[in-house]
Amino acid sequence: MTVRSDPSEVSAPVTPTRVGVVAMGAALVAMSGPGQTAGFSVFVDPVTESFGISRSQLTAAYLVATLVAAPVGLLLGKRLDHHRLATMIRVVGGSLALALVLTAVSPGLPVLTLGVFGLRAFGQTGLTLTASVFVARAISDRRGAALGWMTAVGGASISLTPLLASRLIPVIGWRWTWMVLAAVVAAGSAGLSMSASRAARRSEPVVSADHVDDVDHVDHVDHVDHVDHVVAGVDPDVEGDPALDLIAFGTADQRQRRWAFAVLAAGFATIGGVGTALGFHQIAVLGERGLTAGEAAVNFLPQSVAAACVAVLVGRLVDRIPGRLMVPMVMLLLVAALAAVHQVSSPLTAVLFGVLLGSAAAANGASEGALLARWTGTVSLGRLRGRMMAIAVASTAIAPFWFTLLADAVGSFTRAATVSMVLPVGVALLALVAPLPPEHLRRRGV
């Protein structure tokens, strides 16, 4: 930090503020909409009718594309550790736009499957991975709260994709609708990458001597300087800090950090897998409890509202309580959602199920990023986050199928929900007994 000898006012911040970082992360998550299941779902009927294929064939193609796309997170995660944010936004966003064009011009199912691979690899995985790693690195103070807001705003914005597509498809057709989405993603990626490039080129602010003793202001300048390095692709918490290098790479805590990753990955896969299974079969699950298809479909709205609210709340909470307790709390929400299936007997009780299910997913999304950075450091955050995304994508891809098989084996979806409780309970117990990194390492960049 540079200090002037003469009293003068502090120069205006020239790098992204905390709000700017969260907004950029939320925008990246929102742009992933065309690659999310919700964004693709509105194209299922028009595509099957146009190609003359069954829903089962398209579902199988979607499964294959998603599974093949899962390892892409590993590659992108490594690149995030070594390349500038602007470069990654251009590469990932541009690839998603090209995938959308490919799906739009696909002559049949094989080419469409290749396009869907791109949607899942660069939409569901790439943009959300870039957003979470960027925000987790750029913000060290109250990191959980920042990730919570990003999850809430970005997650809610994803719903704009199916809303826009459902309006455009009857007017211009499904092919041109995907073209429009490609243009939106390309324009958004270009704008965000330019913003990231400008931020990386700017110098740090200059502070007058009169303001050096202003703790709040110095903290803000340190945060802005931290953001400037992260946008440029360099993590200042590692650069030039031997203590943090020791924490990140020393052998003493290697086993603890491996256990931490295992706990978070297991929780991520459990929430993603069970949540996707319940969401995919929600009409059938609630139909067993006596609800009509229309009543069951309305239940998606309270899930979204609850998810946004819980993401903000849990984001603030994760900064205040030990991670060893945070993980079981998230798993408890999923157990409650699974238990609530038995209590569904009316649209009102179905809303309770929807709120609990949406809350579990949001709580996990708002907490796991902050806990991963806290327990493993930010040195290789992209690589580790990429591994977690690969595991999560694979779990969500196979979830609807294993849940169907489980329901067939036990006789109903309600019983399958009961049996599935063993998964979150197991993760909660693992978090309580595993040798996790000590909480006193909760410092900037750790």
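The values are calculated or read from the model by the stated rules, or taken from the named source; none is laboratory data. The structure displayed is predicted, hence computed values, not measured ones. Backbone-built Cβ (ideal geometry, glycine too); neighbour counts: all protein chains shown.
When you check SER197 against the structure, is it assigned by TED's automatic domain parsing to the domain that holds GLY123 and either surrounded by 13 or more Cβ atoms within 10 Å (Cβ to Cβ) or modelled with pLDDT under 85 (or both), yes or no?
yes
Of all residues in the range 98-111, how many are surrounded by fewer than 24 Cβ atoms within 10 Å (Cβ to Cβ) and part of a helix (DSSP H, G or I)?
Residues flagged as surrounded by fewer than 24 Cβ atoms within 10 Å (Cβ to Cβ) and part of a helix (DSSP H, G or I) within the range 98-111 amount to 8.
Considering the range 295-308 alone, what residues qualify as being under 28 Å from ALA30 (Cβ atoms), surrounded by fewer than 20 Cβ atoms within 10 Å (Cβ to Cβ) and either modelled with pLDDT under 65 or over 16 Å from the mean Cα position of the chain (by Cα) (or both)?
ALA297, VAL298, PHE300, LEU301, PRO302, VAL305
Given the structure, is LEU67 surrounded by fewer than 19 Cβ atoms within 10 Å (Cβ to Cβ) and part of a helix (DSSP H, G or I)?
yes
Restricted to the range 392-412, and to residues that are buried (at least 20 other Cβ atoms within 10 Å of the Cβ) and among the β-branched types (Val, Ile, Thr), which residue is farthest from LEU74 (Cα to Cα)?
Filtering first and then ranking leaves THR396.
Does THR404 satisfy being modelled with pLDDT under 85 and assigned by TED's automatic domain parsing to the domain that holds LEU291?
So THR404 fits the description; yes.
Would you point out which residue out of VAL184, VAL180 is in contact with a helix residue (DSSP H, G or I) (Cβ under 7 Å, 6 or more places away or on another chain), of a type in the set (Val, Ile, Thr), modelled with pLDDT of 90 or more and more than 30 Å from ILE321 (Cβ to Cβ)?
VAL180
Which pairs have Cβ atoms under 6 Å, sit 6 or more apart or on different chains, and link a residue in the range 418-439 that is under 13 Å from LEU332 (Cα atoms) to one that is surrounded by fewer than 17 Cβ atoms within 10 Å (Cβ to Cβ)?
From the range 418-439, no pairs qualify.
Please specify each residue of the range 330-381 satisfying the condition of being of a type outside the set (Gly, Ala, Ser), touching a residue at least 60 places away in the same chain (Cβ under 8 Å), surrounded by fewer than 24 Cβ atoms within 10 Å (Cβ to Cβ) and outside any helix (DSSP H, G or I).
Passing the criteria: only VAL379.
Kindly indicate whether any position in the range 347-358 is closer than 14 Å to GLY272 by Cβ, among the β-branched types (Val, Ile, Thr) and not assigned by TED's automatic domain parsing to the domain that holds ALA65.
No, the range 347-358 contains no residue that is closer than 14 Å to GLY272 by Cβ, among the β-branched types (Val, Ile, Thr) and not assigned by TED's automatic domain parsing to the domain that holds ALA65.
Would you pick out the residues in the range 120-150 that are closer than 19 Å to LEU76 by Cβ and among the hydroxyl-bearing types (Ser, Thr, Tyr)?
THR125, THR128, THR130, SER132
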